[in-house]
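A.B. asks: Sharing a structure here in structure tokens format.
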Amino acid sequence: MKPGRLQFRRFRTRLVCLLLGLVAAMLGTVYLLISSANERNAIEHIDQNLKIGARLFQKNLDERIDYLSGSAKVMSNDYQIRKLIMQDPLDRETLRSNLDSYADRLRFNAKALPPVITLFSPEREILALSIRNQRLDREHLGPFQDLIRLAADADMEKASGYSYLGGKLHVLVVVPLYAPYPNIAGWFGLAYPIDQAFADSIKNTTLLELTFASNAAEPDHRILSSTLPPRTAHEILALRPTGNNAAGTSQIVLLQGEPYVTLFQPLDLLEEAPATIALQRSLHTELAPARALEKTVLGISLAALAAAALAAVWIARGVSQPLLQLAAHTKVVATGDYTKPITLPRTDEFGQLATAFNQMTAGLAERDRVRDLLGKVVSPEIATQLLRSDLQLGGEEREVTILFCDLRNFTGMSEQMNPIDVLSLLNRYLDRMSTIIERHGGVIDKYIGDAIMALFGAPVSDPAAPGKAIAAAREMARALQGLNREFATEGRPTLAFGIGINTARVVAGNMGSRTRLNYTVIGDGVNLASRLESLTKDPAYDTPIIISEATLRSLLNPPLVRELGEVQVKGKAAAVKIYALGAKGESQPPYPVS
Amino acid sequence: MRACLIPLLFAGCLGLTVRAAEGVRIIVRTTLDGKPVADAVVSATPLDHPVPTPGPGNTAEIEQKNQEFSPYVTVIQVGGKVIFPNHDTVQHHIYSLSKPKRFEIPLYQAGASESVVFDRPGIVAIGCNIHDWMVAYIAVVPTPFFAKTDDTGAATLPSLSPGRYRLEIWHPRAAAPVVQEISSAPENATVLEVKVALKPDKRIRRAPTGKGTDY
Ligand SMILES: [Cu+2]
């Protein structure tokens, strides 16, 4: 398995990532939901405020109009005004100074400029003009005259409107001077500038930005007044090239890169294209408290994420720790050490697994012990064969080279020795011979008293088996010479043996009862090998090792042999040729053949 | 109110003749619903012969009683005198800013009586600086042939010698005076009906309602 970029080999890492991913996704979703809800709420809130602001703005203007017209009404009932108007010729200078004193009384508030106050004749001829602190000429008074015409035609007791006076936006009111009511003896015209101070006062009550702009179609399209910084306000001009806006719908505009929720409203002017009012509030300002809350939520989320990480690591450790322990213990068991059981003091699935693991280890240890013992009782190859395959009765036919080795006169010799010495001598001899046989790939089939029956090419077939049998026999002969020298120095009697070797197809397999099995071979070939061994006792042959014609033929590199003649074999028509192994020294009898 | 008699508009029926033997009777009605109009001033100015000079009786009286002027409308010939007796227990300060006669009679006590001579034709609106609701009109006409309609909208001019006359009907609520030419002849009809367009009554109401002059 190739570990990919997002693939983790360690289960613990995967578990931690999964848990963290889930928690992070949940917290992220919550955070995004809160954030977008806040923004939606803020926009809605501003939108409502803008609409309230628009009403408040209109109400404020209406109040000023009412204030002006109410004041004008009081003025018109003033005795001295009537007295001044009564004079012929008219004393305009006194009249103007009288209007000035009215203007000072009619400041809307301490900060506001005094209003413009004018007095017109019933024929709309200017009689007097008070312009405290304002640049205004008589030729700027057209809007008043328009308004008077409007009021006179409709027989109105007051008329108001918006217009430019000397280029500045004003709210205008005209009120007839009744003398007495309803006889119109003249007209008062009053005007308040809708200027920076006015916009600021609206901002003070509504916290909204307020901007007045002249009509976009005018050649002198400009900001009339604004609570915004001049450069920011100037961008509004570019925003509204045309005056068509769906009434009462706010929109989000960018000023100096900052989003403002904006409500555009037209301000109808007398005899002129409408001006634009922009009521606004910065989305950032509105969102500031919500953003602080979002930061808190973010902090809590991160803390929760960290806690989740710790919890995930802890849980993952709880799972992976016993797994790692089991894995480590498995390695120990794999090396064959069954001595230490794994200890997991827990009752959960891992505890059960550990218990099962310990039971398995115990089973393995038992099997190993069996294998050990088996190896001692039978040859390792047979033991392996027995352990590997299912134990079955019966066997298979295969070609096997059988070696029989028997000591001469051992029975007679053993009668003159004590049994312990006999067993010791015999075991020493058998051990030396068995080792040589096994080294050459032979398998000890069984010991029959002092005789050895060994197989080559079973249970594992081997075409070189006859050669290995010959080599083993020769080495056995040499080893016996060495052993006899040891015995001689020890003062023990020396030994002599005969070896018969035959190669034949025999039946090999596990034989015996269901409860007790023995791997062996049976067949005439086995008997022949035994008989060849017996023939070595015949002094006429003068050799300790006799091999059959079949073995000789099977050898890949036939050694030098001496033909000994033929022997009759039971069950076979033709006699079998037998040979003594070639005298390369080894085949010479090292002992007198009795 | 502006001076309403200045523009001489000869509207409609030129050469309308009336029988002058026992005076000309005029009925003034509203154009809207034909209701009779009281307090309308009807004057006939001779066009074919000189206007007779006013006699010694060219005076009128507008009293102040119950803090109102009475009568509401007064007609005099140019050069006539109006006396303003105060029959109230409070002082009044009457004035006029109308072009034909600007005047004031500063605060004067109950029981006192002041007079003013009106030497130019036109409508003079009179008010009081103390009581905003007080209003009265004096129609100063350039002819001795005038009359004021009663509650039935009828007014009777004194008998006119034959000839053409400029007939002018004015009312405080008239948008503009109705002017027409008539001819006086012995054999013609004596009743003439004239319609005037009236604006809504805009006089200040006192609470409780004072002596109004409703139609
Ligand atoms: Cu009075």
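The values are calculated or read from the model by the stated rules, or taken from the named source; none is laboratory data. Here the structure is a predicted model, which means the values were calculated and not measured. Note that we place each Cβ from the backbone using ideal geometry, even for glycine, and neighbour counts take in every protein chain shown.
A.B. asks: Looking for whichever is closer than 30 Å to A:His284 by Cα, among the polar types (S, T, N, Q) and either outside the structural domain of A:Leu150 (by TED's automatic domain parsing) or surrounded by 13 or more Cβ atoms within 10 Å (Cβ to Cβ) (or both) here; the options are A:Gln58, A:Gln48. Which one fits?
C.D. replies: None of the others qualify; the one that does is A:Gln58.
A.B. asks: From the list A:Ile81, A:Ile34, pick out the single residue that is within 14 Å of chain B (Cβ to nearest Cβ), over 30 Å from A:Asp200 (Cβ atoms) and touching a residue at least 60 places away in the same chain (Cβ under 8 Å).
C.D. replies: Step by step, each of A:Ile81, A:Ile34 is checked, and only A:Ile81 is within 14 Å of chain B (Cβ to nearest Cβ), over 30 Å from A:Asp200 (Cβ atoms) and touching a residue at least 60 places away in the same chain (Cβ under 8 Å).
A.B. asks: Still on this structure: Go through the range B:114-149 residue by residue and tally those that are in a loop (DSSP other than H, G, I, E, B), within 12 Å of the ligand (Cβ to nearest atom) and hydrophobic (A, V, I, L, M, F, W, C).
C.D. replies: 3
A.B. asks: Identify, please: which residue in the range B:55-65 is polar (S, T, N, Q) and away from chain A (no Cβ under 14 Å) and is, among those, farthest from the ligand (Cβ to nearest atom)?
C.D. replies: B:Asn58
A.B. asks: Can you pull out the residues in the range A:174-184 that are in contact with a Ser or Thr (Cβ under 8 Å, 6 or more places away or on another chain) and part of a loop (DSSP other than H, G, I, E, B)?
C.D. replies: Those that are in contact with a Ser or Thr (Cβ under 8 Å, 6 or more places away or on another chain) and part of a loop (DSSP other than H, G, I, E, B): A:Ala179, A:Asn183.
A.B. asks: Need at least 3 residues that are touching a Ser or Thr at 6+ places or on another chain (Cβ under 7 Å), buried (at least 21 other Cβ atoms within 10 Å of the Cβ) and outside the structural domain of A:Ala191 (by TED's automatic domain parsing) per element, so show me which strands (runs of 3 or more DSSP E) inside the range A:116-173 make the cut, counting only ones lying wholly within it.
C.D. replies: Of the strands (runs of 3 or more DSSP E) lying wholly inside the range A:116-173, none has at least 3 residues that are touching a Ser or Thr at 6+ places or on another chain (Cβ under 7 Å), buried (at least 21 other Cβ atoms within 10 Å of the Cβ) and outside the structural domain of A:Ala191 (by TED's automatic domain parsing).
A.B. asks: Something else now. Looking at the range A:130-151, can you tell me whether even one residue there is farther than 26 Å from A:Leu61 by Cβ and within 14 Å of chain B (Cβ to nearest Cβ)?
C.D. replies: There is no residue in the range A:130-151 that is farther than 26 Å from A:Leu61 by Cβ and within 14 Å of chain B (Cβ to nearest Cβ).
A.B. asks: Still on this structure, please answer the following. Given the criterion assigned to a loop (DSSP other than H, G, I, E, B) and more than 12 Å from chain A (Cβ to nearest Cβ), identify the matching residue among B:Val75, B:Val90, B:Val82.
C.D. replies: After ruling out the rest, the residue left standing is B:Val90.
A.B. asks: Look through A:Gly4, A:Gly21 and report the one residue that is modelled with pLDDT of 85 or more and assigned by TED's automatic domain parsing to the domain that holds A:Pro180.
C.D. replies: A:Gly21
A.B. asks: Could you list, in sequence order, the residues of the range B:66-113 that are among the polar types (S, T, N, Q), over 29 Å from B:Thr45 (Cα atoms) and more than 13 Å from the ligand (Cβ to nearest atom)?
C.D. replies: B:Ser113
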